[in-house]
Each structure stands twice: as structure tokens, then as C-alpha cells.
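Working notes, beginning with the structure itself.
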Amino acid sequence: MPELPEVETVARGLREQIVGRRIVSVRLGKTDFIDDPAVLERNVPGRLIESVERFGKFLLLRLVMIPDVGAAAELEDEAAASLLVHLGMTGQIGPSAEAQPWEKHTHAGFLLDDGRELRYTDPRRFGRMAYLTAELLAREVGRAGADPLEVSAEEFVRRIRGRNARIKALLLDQGVLRGVGNIYADESLWKAKIHPAKVAGKLNRKEIESLRKGFKEILEKAIAMRGSSISDFLDATGTPGEYQRHHKAYGREGEACYRCKSTIRRGIVAGRSSFFCPKCQPVPRKFSALPLPVRMRKTKGAKKRITPGKRKRNL
DNA sequence: CTCGATCCCTGGACGC
DNA sequence: TGCGTCCAGGGATCGA
């Protein structure tokens with residue numbers, strides 16, 4: 001599922017492919033993931049894609065009017081605006097040849113002035129798309145948390161201190177940190193040796209700083225490896241990432257911890273599957289891990305995992 | 001503030 | 001081989 005590194009990877013790909021192109025027309029399929037389809041349909045055509053940015057897990061295509069290209073009078077908003085795209089769980093976006101037929105779950109197409117069509121495809125439609133005026137964009141930005149790549153030790157402490165929620169819930173809270181999702185939360189907690197169910201307010205400074213450095217380093221490394229392709233993440237050019245090969249906790253239930261050889265376990269924290277090492281990441285009292293599925297119980301040698309990133313259930 | 005439950009949605013894994 | 005069932009998860013929402 002696309003989290004910060006995956007979205008960053010997509011943003012970079014899109015940037016070199018579509019910046020400077022003008023959107024000629026818009027074609028929509030199912031629209032239940034679009035904030036206001038009519039407004040989007042009415043305002044996007046005619047605009048130039050000035051830049052592509054990532055904000056947390058959002059992609060932001062900055063759209064500007066081209067001077068003297070007419071049609072301006074019909075637009076409700078002539079100022080700069082943005083097309084916001086959230087990939088949800090299964091969203092993909094990238095340019096295709098216009099002649100190529102839409103895939104089964106393609107729901108939006110933006111015809112570009114070079115003949116290609118920028119397409120959004122998302123089987124589950126957990127994603128989101130919206131045409132945002134500067135004002136609406138400011139609202140989105142306003143409720144977002146800190147950038148995990150930039151947040152200072154002090155600010156992170158401030159956002160964590162005194163909170164009674166479990167640390168993983170806070171890492172996943174986009175209003176605390178923007179861009180961290182289930183995979184990178186688990187990876188960061190494993191690195192910092194902190195159990196996902198630990199109450200955030202009980203972490204000491206050292207643990208908080210270890211966690212901050214942990215997610216920063218992990219996210220940077222994951223970006224360098226073009227993200228993690230677990231189920232079906234593909235970037236703007238249809239290429240999978242590599243970071244899933246480096247996961248230390250996520251998706252490793254029943255396998256040996258790379259630090260201490262204990263068996264990685266899984267539990268539900270903040271309503272999400274959470275993978276952790278019960279030895280390196282001391283389990284809080286009253287928290288119980290899920291029983292290890294029978295098939296994973298230690299036989300003797302040869303671990304029988306399937307394709308990496310293609311494990312049984314959780315993905 | 002924080003929790004759990006529920007919903008959205010589809011494909012893939014699993015059991016028979 | 002085929003079919004029914006369960007489950008995953010980001011995020012919004014609602015009630016406790």
C-alpha cells in the first residue's frame with residue numbers, strides 16, 4: 001500500500017513525465033472517490049500541470065491557467081489550483097497512450113496535449129481525488145501533521161508527550177505525522193525496539209529520539225529503493241519497488257527476528273495488523289499477540305515461505 | 001482524548 | 001475446477 005516512500009516514488013516519476021503538459025480534457029468512470037466530480041470536470045481542462053509534489057501520502061499536481069488560452073471565463077476559479085490524489089490501498093496513476101483501452105478499474109483519465117492520457121486506476125477505490133482551490137488546499141495542509149523526514153526532535157517529542165494512545169496509533173495518525181502507514185510504522189518500531197502497543201506517553205526521551213531517527217532513516221532508505229511493492233504497488237512507470245526485501249518486521253510473522261532469532265509475532269494494534277519481535281520489543285502487560293497460525297509453527301529446517309511479498313494472508 | 005465498531009471495495013487465499 | 005467465505009487496509013464517522 002502506498003505510504004510516503006511509494007508516493008514519493010510516484011511523484012518523481014510523474015514529475016518527469018507530465019510537468020509542463022496541458023490537460024485537454026477529463027474523462028471519468030466511477031466517481032465515488034472524487035470529492036466533487038462536477039467541479040473537477042469543469043475546472044481541470046485547459047490547465048497546465050506546473051509541478052508535481054508529494055505532501056504526506058498525497059500527490060499534488062499544481063495546475064495553472066495558461067494566459068490567453070481562452071475558456072478562462074468559464075472557470076470558477078482562475079487562480080492556481082491543485083489536483084489532489086491519494087492512492088489509498090490500490091491506486092495507481094501514470095500516463096498511457098490514448099489509444100490503449102482503459103483497464104478494468106481505471107476511473108479517471110486526463111488527456112494531455114501531447115496525446116497521452118494520465119490515468120488513475122484503483123480497484124478498491126479507497127483512494128481520493130479532488131480539485132482543490134488554494135483555500136481548500138490550505139485546509140488540507142492545516143490538518144496534516146509533521147513531515148517525518150523533517151520533524152525535529154523537539155517537535156516530535158511535543159507531539160508525543162502526554163498522549164495516552166498507543167505509539168503505533170500515533171505514528172499512523174496523519175495529523176501527527178504525515179505519510180507513515182502500517183508498513184513503515186512497524187519497521188520503525190522494530191528498529192527502535194519499541195512495542196507498537198506501548199502507550200506513547202510512557203516513552204522516554206531516548207526512545208522517542210530513537211524512533212524519530214528510525215523512521216527517518218527507514219523512509220529515506222525506502223525512497224532510495226523506490227518503495228515497497230507488497231501487493232500491487234507500481235510507480236508511475238509501472239515499475240515495482242525494492243524495499244519489501246528489506247522489511248525486518250512487516251509481513252514476517254512466524255519468521256526469525258534478524259536481531260535475536262525470536263519468532264516474529266503479529267497482533268492487532270490500532271485496528272491494524274502489527275508485526276513485532278516479542279523479545280526485542282517488550283510486550284506491554286495485557287497485550288496479547290495472535291496465536292501463530294498452525295502452518296507457521298516451527299518444524300525444523302527450511303522455512304517454507306512463498307515468494308517474498310506474497311505471504312499467505314496479510315497482504 | 002481514545003477506543004472499538006462499521007462502512008467503503010475488490011481480489012486473492014483458503015476450505016471443501 | 002468451482003464456489004462460498006473470510007480478510008486485508010486508509011480513512012471517515014459514530015457512539016461509548
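For residue A:113, enumerate residues with amide H under 5 Å from its amide H, sequence gap 5+ or separate chain, H modeled in the peptide plane.
A:22, A:24
Contact order normalised by length for chain A, with contacts defined as Cα pairs under 8 Å and 6 or more residues apart; what percent is it? It would help to have the intermediate numbers written out before the result.
Details: 629 pairs, mean separation 53.5, N = 315.
Taking the mean separation of contacting Cα pairs over the length of chain A, I get 17 percent.
5 Å is the cut-off here: which amide hydrogens, built 1.01 Å from N in the peptide plane, fall below it relative to residue A:91, excluding neighbours closer than 5 in sequence?
none
Hey, can you grab everything whose amide H is under 5 Å from the amide H of residue A:166? Only 5+ residues off in sequence or another chain; H modelled, so Pro and N-termini drop out.
A:200
How far is it, in nm, from the label point at residue A:39 to the one at residue A:105 when both lie 7 Å from their Cα along the line to the Cβ?
Reported label-point gap for residue A:39 and residue A:105 is 2.7 nm.
If you take the beta carbon distance between residue A:51 and residue A:154 as r and set R0 to 35 Å, what does 1/(1 + (r/R0)^6) give as a FRET efficiency, to the nearest 0.05? Write out the running numbers ahead of the final one.
Details: r = 31 Å, r/R0 = 0.87.
It comes out at approximately 0.70.
With only alpha-carbon atoms counted, please give the Rg and Dmax of region A:133-278, in Å.
That works out to 15.7, 52 Å for Rg and Dmax.
Can you give the FRET efficiency to the nearest 0.05 for residue A:126 and residue A:66, using r as the Cβ-Cβ distance and R₀ = 51 Å?
0.90
So how much slack lies between residue A:165 and residue A:31, counting 0.36 nm per residue of separation and subtracting their Cα-Cα distance, in nm?
44.7 nm
For chain A, with a Gaussian network of springs between Cα atoms less than 10 Å apart, report the residue from A:98, A:155, A:187 with the top mean-square fluctuation.
Between A:98, A:155, A:187, it is A:155 that shows the largest mean-square fluctuation.
Figure the gain on full extension for residue A:209 and residue A:79 (residue separation times 0.36 nm, minus the Cα-Cα span) and round it to one decimal in nm.
Stretched out fully, the residue A:209 to residue A:79 stretch lengthens by 42.6 nm.
Mean residue ellipticity at 222 nm from the helices of chain A, using -39,500 (n - 2.57) per DSSP H segment of n ≥ 4 over the full residue count, to the nearest 500 deg cm²/dmol? Don't jump to the answer; show the numbers that get you there.
On the way: 7 runs with 75 residues, N = 315.
Calculated mean residue ellipticity at 222 nm is -7000 deg cm²/dmol.
Can you give the Rg to Rh ratio for chain A, taking only C-alpha atoms and Rh from Kirkwood?
1.02
Might you report the magnitude of the Cβ-based charge dipole of chain A about its Cα centre, with Lys and Arg at +1 and Asp and Glu at -1, to the nearest 20 debye?
Result for chain A is approximately 3460 debye, rounded to the nearest 20.
Which pairs, out of A:216/A:286; A:191/A:221; A:104/A:248; A:57/A:279; A:191/A:279; A:193/A:213, put more than 24 Å between their alpha-carbon atoms? Before the final figure, lay out the partial values.
Working: A:216/A:286 30 Å; A:191/A:221 13 Å; A:104/A:248 35 Å; A:57/A:279 32 Å; A:191/A:279 13 Å; A:193/A:213 12 Å.
Check vs 24 Å cut-off fails for A:216/A:286; A:104/A:248; A:57/A:279.
Since every read-out is calculated from the coordinates, none of them should be taken as a lab result. Predicted, not measured: the structure shown is a model, and the values here were computed from it. Neighbour counts are summed over all protein chains in view; Cβ atoms, including those assigned to glycine, are modelled from backbone coordinates with ideal geometry.
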